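The values are calculated or read from the model by the stated rules, or taken from the named source; none is laboratory data. If you're wondering where the values come from, they're calculated on a predicted model, not measured in any experiment. Please note: Cβ atoms are built from the backbone with ideal geometry, for glycine as well, and neighbour counts cover all protein chains shown. Side chains included, ligands, DNA and RNA excluded: accessible areas come from the protein's heavy atoms. Shrake-Rupley method; radii C 1.70, N 1.55, O 1.52, S 1.80 Å.
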Amino acid sequence: MIREPLIFELSAKGKRAFAFPKLDVPANEETIKNLATRKEIEGFPEVSEVEVVRHFTRLSQTNHCVDIGFYPLGSCTMKYNPKINEKVASSPEFLSTHPLAPPEFVQGNLEILKKTEGILAEITGMEAFTLQPSAGAQGELVGMMLIRAYHQEQGNPRKFVLIPDSAHGTNPSSAHICGYQVKEIKSNDKGTIDTEDLAQNMTEEVAALMVTNPNTLGIFENDIKKITQIVHDQGGFVYMDGANMNALTGICRPGDMEVDVIHLNLHKTFSTPHGGGGPGAGPVGVNRKLEPYLPIPVIVKKEERWSLDFNRPQSIGRVRSFFGNFLVVVKALSYVLSLGPEGLQEISEIAVLNSNYIRKSLEQDFHLKYQTPTLHECVFSDKFQREQGIQNIDIAKRLIDFGLHPPTMSFPLIVYGALMIEPTETESKRDLDLFIEAMKQIAKEAKEKPEILKSAPHQSYVRRLDETTAARKPVLRWAAPQSQEGKKE
Ligand SMILES: *Cc1c(COP(=O)(O)O)cnc(C)c1O
């Protein structure tokens, strides 16, 4: 593998993309060159057009992405998103809408937002939605704020939020930021919520339970009705983390399970690519009890026109500028309409089928802590391989050599040495088989040639990195070449 030079290293004085013909008029000193060229960067690179194009194209190929191959990062739903939805969202009419345009000018956009709210409500069985939150974690915070506002109005915001030990890390953070103390609820030996532990902890001091369903082990909470009953009996709310909705869409609805609040990740389930830090959306759905607290403005229809209602005295206020990430909403709507109800059901069925195919195919080679049937993802551990001195990180790094993205590692915390695999509904049988074959070969290598795993990856752009140093001493700025002199790479 060739090391891609820095663009500064490609630079040589006088190189340029193209040159204009010689001037046949007197030169004007106020040229773009003089006005807009940065002067504070010493040795600003001078390169040819072909060098620029090749440099950045090569760099773009050094990262794995879902357009290149399989990306089984559990809990993240790194599925392929149909390009048609990108195309719809990049229509000039959408792109050029000004976020400050008055409602009379953007009736169509408001209708899209309202329609999407309604469709998400139908899919989840909730009463109403806000599309403002920009991510799952922000959705969680908004959900908790709604719950707090309700309790506050009853005279007591309450003190605790219950969260199972298998939960995504954002759940306790959101509850904490909203001013609650987190109490952990144990999982039983099936990997689901221990309802006795829940009943013991569920008091009138508890504002809510945050539950992920299917949970982060990919297991459906079969006792969900009992769980919601226990919480409601003490006047608490059930918050559902709905990031994993591609296991349920078109099959069952959280609203029917008596869930009170839910957030969805449009950038997981509903066709917005993510992972590169691009915009996302974490809409929040609520039941009738919490609807009055939703963020303002709420889009309403008055005299046949869409308008914005700011006059909602119980609202928690605005949680995001403008309307959230509008184009992400457009993609979600386009995705849902193109699939239709049958298509939505099919994505869940295939997501579950694909995951179970992997689980069954690899259960002899990799340890499964829980034998409970799973939905859209499954969690193995490195227990068998640890006997050969191999850890989950070695397995993950070796997968890179096969052109595959590693699974999520060491999460959920209740599975030591976890390898959490979510194939998603968009993978073909052929791609699943290639992954299974690679994993089987890795299991074999762990027994026969563990040193290959210890030093992996071998085929990638960079070798095994010191992740602790990278996290503790991140180098985020490039230093000028002079100061680099004599330094080892
Ligand atoms: C991804 C995820 C979140 C957080 O969503 P972000 O958009 O990354 O903030 C929360 N819970 C679960 C289960 C998730 O998978």
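Go through (1) more than 14 Å from GLN132 (Cα to Cα); (2) within 11 Å of the ligand (Cβ to nearest atom) for LYS289 and report which single condition fails.
Here LYS289 meets the rest and fails (2).
For segment 251-301, which residues satisfy the criterion of being surrounded by fewer than 18 Cβ atoms within 10 Å (Cβ to Cβ) and within 20 Å of SER338 (Cβ to Cβ)?
The answer is ILE251, and nothing else.
Mind listing whichever residues of segment 176-231 are open to solvent by 60 Å² or more (accessible area, probe 1.4 Å) and in a helix (DSSP H, G or I)?
HIS176, ILE177, GLU196, GLN200, LYS225, LYS226, GLN229, listed by residue number.
Among the residues of segment 138-150, are any part of a loop (DSSP other than H, G, I, E, B), modelled with pLDDT of 95 or more and more than 14 Å from the ligand (Cβ to nearest atom)? Walk me through how you get there before you give the answer.
Initial filter on segment 138-150 (part of a loop (DSSP other than H, G, I, E, B)): none.
Checking segment 138-150: not a single residue is part of a loop (DSSP other than H, G, I, E, B), modelled with pLDDT of 95 or more and more than 14 Å from the ligand (Cβ to nearest atom).
If you go through segment 232-259, how many residues are in a strand (DSSP E or B) and of a type in the set (S, T, N, Q)? Before you say what the answer is, go through the steps one by one.
First, pick out the residues of segment 232-259 that are in a strand (DSSP E or B): 237-242.
Filter once more, so that each one left must be of a type in the set (S, T, N, Q): none.
Of the residues in that region, 0 qualify.
From the list SER96, SER75, SER90, exactly one residue is small (Gly, Ala, Ser) and within 23 Å of GLU427 (Cα to Cα). Which is it?
Just a single option satisfies the conditions, and that option is SER75.
Considering each residue of segment 47-80, count those that are within 16 Å of the ligand (Cβ to nearest atom), of a type outside the set (A, V, I, L, M, F, W, C) and outside any loop (DSSP other than H, G, I, E, B), and give that number. Before you say what the answer is, go through the steps one by one.
Applying the first criterion (within 16 Å of the ligand (Cβ to nearest atom)) to segment 47-80 yields 66, 71-79.
Those left that are additionally of a type outside the set (A, V, I, L, M, F, W, C): 71-72, 74-75, 77, 79.
Still in the running and outside any loop (DSSP other than H, G, I, E, B): none.
Residues flagged as within 16 Å of the ligand (Cβ to nearest atom), of a type outside the set (A, V, I, L, M, F, W, C) and outside any loop (DSSP other than H, G, I, E, B) within segment 47-80 amount to 0.
Regarding ILE84, is this residue within 30 Å of ILE358 (Cα to Cα), at pLDDT below 95, among the β-branched types (Val, Ile, Thr) and surrounded by 10 or more Cβ atoms within 10 Å (Cβ to Cβ)?
Working: within 30 Å of ILE358 (Cα to Cα): yes; at pLDDT below 95: no; among the β-branched types (Val, Ile, Thr): yes; surrounded by 10 or more Cβ atoms within 10 Å (Cβ to Cβ): yes.
Against the criterion (within 30 Å of ILE358 (Cα to Cα), at pLDDT below 95, among the β-branched types (Val, Ile, Thr) and surrounded by 10 or more Cβ atoms within 10 Å (Cβ to Cβ)), ILE84 does not qualify.
Rundown of residues vs (1) more than 16 Å from the ligand (Cβ to nearest atom); (2) over 20 Å from ASN213 (Cβ atoms); (3) aliphatic (A, V, I, L, M), yes/no style:
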site	(1), (2), (3)
GLU104	yes, yes, no
LYS115	yes, yes, no
ILE119	yes, yes, yes
GLU122	yes, no, no
MET126	yes, no, yes
ALA135	no, no, yes
GLN154	yes, yes, no
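Here is a yes/no grid of residues against (1) within 16 Å of PHE220 (Cα to Cα); (2) among the polar types (S, T, N, Q); (3) open to solvent by less than 10 Å² (accessible area, probe 1.4 Å):
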| site | (1), (2), (3) |
| --- | --- |
| SER361 | no, yes, no |
| HIS367 | no, no, no |
| HIS376 | yes, no, yes |
| PHE380 | no, no, yes |
| GLU387 | no, no, no |
| LYS397 | no, no, no |
